[in-house]
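S.K.: Pasting a structure here, questions to come.
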Amino acid sequence: MKLQRKNRLRATALGALAVSGALVLTACGSDNNSDGSTGGNGGKTSAASNIKCDDAKGQLLASGSSAQKNAMDLWVKNYMAGCSGVEVNYKSSSSGEGIVAFNQGTVGFAGSDSALKPEEVAESKKICKGGQGINLPMVGGPIAIGYHLEGVDSLTLDAPTLAKIFDGKIKKWNDPAIAKLNSGAKLPDKVIQPFHRSEDSGTTQNLGKYLGAAAPSDWKYEAEKKWPAPGGQAASGSSGVAAQVKQVDGAIGYFELSYATSQSISTVDINTGGSTPVKATPENASKAIAAAKIKGTGKDLALDLDYTTKAEGAYPIVLVTYEVVCDKGNKAETLPTVKSFLNYTAGDEGQKLLTDAGYAPIPTEINAKVRETIASLS
């Protein structure tokens, strides 16, 4: 690592790290360990950031959800700056690919925007000797509906209208259904170009859950990770969909709010039936996630989200990204690093970063259970 880059990483504990594809960083220590403690072995704590490095060492591979990429970039950067001698490599791909990698035993944990299916849990028992894969909710946030429509700076849609747009039933931006929701707006006679994910995606599945719950008469598809509706155009990853929406006039797509924020993409306000349309913000997503119930059993903390909420200010199109780990049977060489890293991401410092990055922290009561479960991993 060049000296200039090394010094910059040492001096900076926060800030977005722009990376594409796999995130591969070399570990850098902190210059601020004035009390002599280091972030390496022996249960020590980084003085610079209060990160408990414990016995973390070597390389930890992880992969999956692109929804949490921007959060993971921040977490990995800060953790590695605080824990010298540790390299965390998170490959942002998709929830589906992450779970496949986890069940093949090639990663220490996986990120997924959907909880493990029963058959995936069954498969995980081959890797988690004496245990099984479990879901730890770590990142919340709104799925923003981003659009690019020259001359239209504000747009409101509801679930039935969104369902018809993504199903190809509403084809023009000046359709009466859209006009009714946007009184006074100058909507152009322009073809709508909807974009969706090309690969299996938890973001796709969560959007499908919302449309199926909030517009059951207009969205007849099962909520699966593979995009179900005909037509539209496909792009790879949340970053790929966001890039297409940014570029194409008349486009609409879905991705995590951080992608819209970082690229200055306009987002749709959602008419939930409440008194006013709801904007896609971390705070509004938190209001919806706070009502979630734990549906998992044992150490599994999968959540049941209410996509039909009409609570004032609650943004209904939300997702929760889970870190998928073994409750028992983790590899001995990576378990200390998995526990140390996830303790940081679930801790006060890690969760505090989420709002500024466009995400929503996990509600306090649920997060307390996440921390307890991480401590019990074996």
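The values are calculated or read from the model by the stated rules, or taken from the named source; none is laboratory data. Just so we're clear, the structure is a prediction, and the values are computed from it rather than from any experiment. We place every Cβ from the backbone using ideal geometry, glycine too, and count neighbours over all the protein chains shown. Surface accessibility is based on the protein's heavy atoms, side chains included, excluding ligands, DNA and RNA. Shrake-Rupley method; radii C 1.70, N 1.55, O 1.52, S 1.80 Å.
S.K.: Given the options Lys328, Lys310, name the one that is more than 16 Å from the chain's Cα centre (by Cα) and at pLDDT 95 or above.
M.R.: Sole residue among the options that is more than 16 Å from the chain's Cα centre (by Cα) and at pLDDT 95 or above: Lys328.
S.K.: Could you tell me which residue of segment 278-298 is farthest from Ile178 (Cα to Cα), considering only residues that are open to solvent by 70 Å² or more (accessible area, probe 1.4 Å) and assigned to a loop (DSSP other than H, G, I, E, B)?
M.R.: If we filter segment 278-298 for residues that are open to solvent by 70 Å² or more (accessible area, probe 1.4 Å), which is where we start, we get 279, 283, 287, 293, 295, 297-298.
Adding the requirement that they be assigned to a loop (DSSP other than H, G, I, E, B) leaves 279, 295, 297-298.
Values: Lys279: 17, Lys295: 36, Thr297: 42, Gly298: 46 Å.
Of everything passing the filter in segment 278-298, Gly298 is farthest from Ile178 (Cα to Cα).
S.K.: Another one. What number of residues within segment 200-222 are modelled with pLDDT under 95 and of a type in the set (Gly, Ala, Ser)?
M.R.: Residues in segment 200-222 being modelled with pLDDT under 95 and of a type in the set (Gly, Ala, Ser): 2 in total.
S.K.: With respect to the numbered conditions (1) touching a residue at least 60 places away in the same chain (Cβ under 8 Å); (2) under 21 Å from Ile178 (Cα atoms), which one is the sole condition not fulfilled by Ser275?
M.R.: Only one criterion is unmet by Ser275, namely (1).
S.K.: Restricting segment 51-67 to residues that are part of a strand (DSSP E or B) and of a type in the set (S, T, N, Q), which is farthest from Ser239 (Cα to Cα)?
M.R.: Per the stated criteria, the residue is Gln59.
S.K.: Test of understanding: among Leu319, Leu301, which residue is closer than 18 Å to Leu207 by Cβ and in contact with a strand residue (DSSP E or B) (Cβ under 7 Å, 6 or more places away or on another chain)?
M.R.: Numbers: Leu301 fails: closer than 18 Å to Leu207 by Cβ.
None of the others qualify; the one that does is Leu319.
S.K.: Would you be able to tell me the number of residues in segment 301-328 that are in a loop (DSSP other than H, G, I, E, B) and either in contact with a helix residue (DSSP H, G or I) (Cβ under 8 Å, 6 or more places away or on another chain) or buried (at least 20 other Cβ atoms within 10 Å of the Cβ) (or both)? Walk me through how you get there before you give the answer.
M.R.: Let us first name the residues in segment 301-328 that are in a loop (DSSP other than H, G, I, E, B), namely 301-302, 305-317, 327-328.
Next cut, either in contact with a helix residue (DSSP H, G or I) (Cβ under 8 Å, 6 or more places away or on another chain) or buried (at least 20 other Cβ atoms within 10 Å of the Cβ) (or both) only: 301, 305-309, 311, 313-317, 327.
Number satisfying all stated conditions: 13.
S.K.: Could you please find all residues in segment 151-166 being in contact (Cβ under 8 Å) with a residue 24 or more places away in the chain and open to solvent by less than 20 Å² (accessible area, probe 1.4 Å)?
M.R.: Hits for segment 151-166 are Val152, Leu155, Thr156, Leu157, Ala159, Leu162, Ala163, Ile165, Phe166.
S.K.: Being over 28 Å from Pro282 (Cβ atoms) and either surrounded by fewer than 20 Cβ atoms within 10 Å (Cβ to Cβ) or in contact with a strand residue (DSSP E or B) (Cβ under 9 Å, 6 or more places away or on another chain) (or both) is true for just one of Gly85, Gly64, Gly96, Gly108. Which residue is that?
M.R.: Gly85
S.K.: Among the residues of segment 158-185, count how many are under 17 Å from Val245 (Cα atoms) and of a type in the set (A, V, I, L, M, F, W, C).
M.R.: Residues in segment 158-185 being under 17 Å from Val245 (Cα atoms) and of a type in the set (A, V, I, L, M, F, W, C): 4 in total.
S.K.: So Gly253 ticks every box in (1) open to solvent by 20 Å² or more (accessible area, probe 1.4 Å); (2) touching a residue at least 12 places away in the same chain (Cβ under 8 Å); (3) closer than 20 Å to Ile143 by Cβ but one. Which box is left unticked?
M.R.: For Gly253, the exception is condition (1).
S.K.: I would also like to ask the following. Restricted to segment 346-365, and to residues that are buried (at least 21 other Cβ atoms within 10 Å of the Cβ) and touching a Leu at 6+ places or on another chain (Cβ under 7 Å), which residue is farthest from Ser264 (Cα to Cα)?
M.R.: Pro361
S.K.: While we're on this one: Within segment 170-227, count every residue that is touching a Pro at 6+ places or on another chain (Cβ under 8 Å) and acidic (Asp, Glu).
M.R.: 2
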